[in-house]
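Trainee: Below: one structure in structure tokens.
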Amino acid sequence: MSAYLSIENVGISFSSDKGTFRALDDVVLRIAKGEFVSVIGHSGCGKSTLLNIVAGLLQATEGGVLLEGREVDSPGPDRAVVFQNHSLLPWLTVYDNVRMAVDKVLSRTKSKAERHDWVLHNLSLVRMDHAKDKKPGEISGGMKQRVGIARALAMEPKVLLLDEPFGALDALTRAHLQDSLMEIHGRLGNTVIMITHDVDESVLLSDRIVMMTNGPAARIGQILDIDLPRPRSRVDLADNPHFNHLRAEVLRFLHGHAPAKAA
Amino acid sequence: MTMVSNITAAAPAEASTPAKRPLAKSQAAKTAREIAGRVLPPVLGLAVLLGVWQLACSGPNALLPGPVKVIQSTWPLIVDPFFDHGGVDKGLFWHIFASLKRVAVGFALSSVAGIFLGVLIGQSTLAFRALDPIFQVLRTVPPLAWLPISLAAFRQADPSAIFVIFITSIWPIILNTAVGVRNIPQDYRNVALVLRLSPIEFFFKIVIPATVPYIFTGLKIGIGLSWLAIIAAEMLIGGVGIGFFIWDAWNSSLMSEIILALVYVGLVGFMLDRLITFVGKLLSN
């Protein structure tokens, strides 16, 4: 497998008044182009920390991240992030939130008219073109997250980083957005890293699931290949024995190891 | 909700003549009631205040004029605020206008400097540590205490008054802006980092819009303080201005004129406050 993005022996420690806290220890992960990888673990296991290191928002204490063979240690639009709480700018309309990113990232390669069309195209990908003139305060949480995804996609990132993107949404909205994301991934073939604590979500969406041990000094406990054929449908998979087997694998990891470690 | 529906239900019953459009009528009645409900209480409050004032100052030995006497003796000033007999013998409009001009200049300067310094100490821990103690001490200095230094430095009345306004109104602007900048959610900063916004883009596209509500809280306090300071400063430095008008009236024992001026000062201060609130609302939408 050719590594498009590789996380090489990443460890990170935070020093505070109480001493140093070791969050991640020796994390090694190689991700191929177009692959959808989920990182799952209990809260506080450092999975968001790992994502922030890949995003460049945090600096690894040891090791590093290579994207197409080049080290990345600062944030950039080639690793667009969809944050957990959407992080749209409330004073800009839906259109302007995406436009701001497009203007900043693609001003050299696209003309003004092309950028306008590109914003609309990405909003229609997440089916939000009808609300382009609304402010984030006027749309629902699920819609905000859609716009957040459109903004990230519009930057044409090499890697799309999703930090518990649907964690704050109700179950139905979450299912809709997961389907949208699957469809977009199927169409565009993005390379995606998604942080999640939702077992079904990780099995449904991913090519591989990276399971983190509990912190402190969290590391990768197990990596599970999800060899379910695509396109996948949540309804068909619901009584698919292999799907349920994979689901059970993740559950066993999360709930089999965790109490023993925590005790 | 219950109240509204009660009103709509009651209104058609009260309309004695058979109406062609009962809905429109009840709507009009509802609006009339709402207006009355808003206008009557303040009118009543004012009437009581004036009544008490009139009673308190109606005795033969009263030291201050009552409202009727104030209006009688200042009537020429009320009806003609625009006269100009040269020197400081001008209508009240010109005095207030002169004071407002000083406030406009001083407040504009303090807004720009205050927002800049506020962003600086809000954004940089180093600047905060260096400047905050100084600001915390200086902001407690009363406005008029700055006047002698200001006069010594500028040697002219106008710049000195403007400096007093500046130095009085800048502190709440700085401190509120700084709080606003420190409260910018980490999410917005992360967005800026991922997009690789330059510092200037970050300032105009993130910092200022995210901080507008805080800035305007500071500006609102600042304009109030400016107006307080200018009246006091003008009493001491003289020239045309509503502060000096009050001082001049005091020296001539024209109590009615002082009271009239106070009413105007209050009204103008109120309007300045509302103006800033209005602009703030306009910008934060």
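The values are calculated or read from the model by the stated rules, or taken from the named source; none is laboratory data. All values derive from a computational prediction rather than experimental measurement. In this analysis, Cβ positions are derived from the backbone assuming ideal geometry, glycine residues included, and neighbour counts consider all displayed protein chains.
Trainee: Being in contact (Cβ under 8 Å) with a residue 24 or more places away in the chain, more than 21 Å from the chain's Cα centre (by Cα), surrounded by 15 or more Cβ atoms within 10 Å (Cβ to Cβ) and away from every other protein chain (no Cβ under 12 Å) is the filter here, so list the residues in segment A:122-144 that pass it.
Mentor: A:A131, A:K132, A:K134, A:I139
Trainee: Right, something else. Could you pull out every one of the helices (runs of 4 or more DSSP H) wholly within segment B:135-212 that has 2 or more residues that are out of contact with any Leu (no Cβ under 9 Å at 6 or more places or on another chain) and either among the aromatic types (F, W, Y) or within 14 Å of chain A (Cβ to nearest Cβ) (or both)? Full working, then the answer.
Mentor: Working: elements: B:147-154, B:157-182, B:186-195.
By residue number, B:186-195.
Trainee: Kindly indicate whether any position in segment B:95-104 is closer than 30 Å to B:I174 by Cα, in the same structural domain as B:I215 (by TED's automatic domain parsing) and basic (K, R).
Mentor: Within segment B:95-104, one or more residues are closer than 30 Å to B:I174 by Cα, in the same structural domain as B:I215 (by TED's automatic domain parsing) and basic (K, R).
Trainee: Return the residues of segment A:6-34 that are within 21 Å of A:E201 (Cα to Cα) and either buried (at least 21 other Cβ atoms within 10 Å of the Cβ) or in contact with a Pro (Cβ under 8 Å, 6 or more places away or on another chain) (or both); say none if nothing qualifies.
Mentor: A:I31
Trainee: For the structure I just gave you, tell me whether B:I231 is surrounded by 18 or more Cβ atoms within 10 Å (Cβ to Cβ) and closer than 28 Å to B:K205 by Cα.
Mentor: Considered against the rule, which asks whether it is surrounded by 18 or more Cβ atoms within 10 Å (Cβ to Cβ) and closer than 28 Å to B:K205 by Cα, B:I231 comes out as no.
Trainee: Enumerate the pairs (first residue in segment A:169-180 and farther than 13 Å from A:D200 by Cβ and in contact (Cβ under 8 Å) with a residue 40 or more places away in the chain; second residue anywhere and surrounded by fewer than 17 Cβ atoms within 10 Å (Cβ to Cβ) and not aliphatic (A, V, I, L, M)) with beta-carbon separation below 8 Å, excluding pairs fewer than 6 apart on the same chain, so at least 6 apart or on different chains.
Mentor: These pairs meet every condition: A:S180/A:R127.
Trainee: Oh, and also: What residue, among those in segment A:87-112 that are at the interface with another protein chain (Cβ under 8 Å from one of its Cβ atoms) and not hydrophobic (A, V, I, L, M, F, W, C), is farthest from A:L29 (Cα to Cα)?
Mentor: Among those that are at the interface with another protein chain (Cβ under 8 Å from one of its Cβ atoms) and not hydrophobic (A, V, I, L, M, F, W, C), it is A:K104.
Trainee: Just need a number here: residues in segment A:76-86 that are among the hydrophobic types (A, V, I, L, M, F, W, C) and more than 8 Å from chain B (Cβ to nearest Cβ).
Mentor: Filtering segment A:76-86 down to residues among the hydrophobic types (A, V, I, L, M, F, W, C) leaves A:80-83.
Retained after the next criterion (residues that are more than 8 Å from chain B (Cβ to nearest Cβ)): A:82.
Number satisfying all stated conditions: 1.
Trainee: It is to be established whether one or more residues within segment B:215-231 are assigned to a helix (DSSP H, G or I), within 19 Å of B:Q123 (Cα to Cα) and within 14 Å of chain A (Cβ to nearest Cβ).
Mentor: yes
Trainee: Of all residues being among the hydroxyl-bearing types (S, T, Y) and touching a residue at least 40 places away in the same chain (Cβ under 8 Å) in segment A:47-75, which is nearest to the other protein chains (Cβ to nearest Cβ)? Just the residue, please.
Mentor: A:S48
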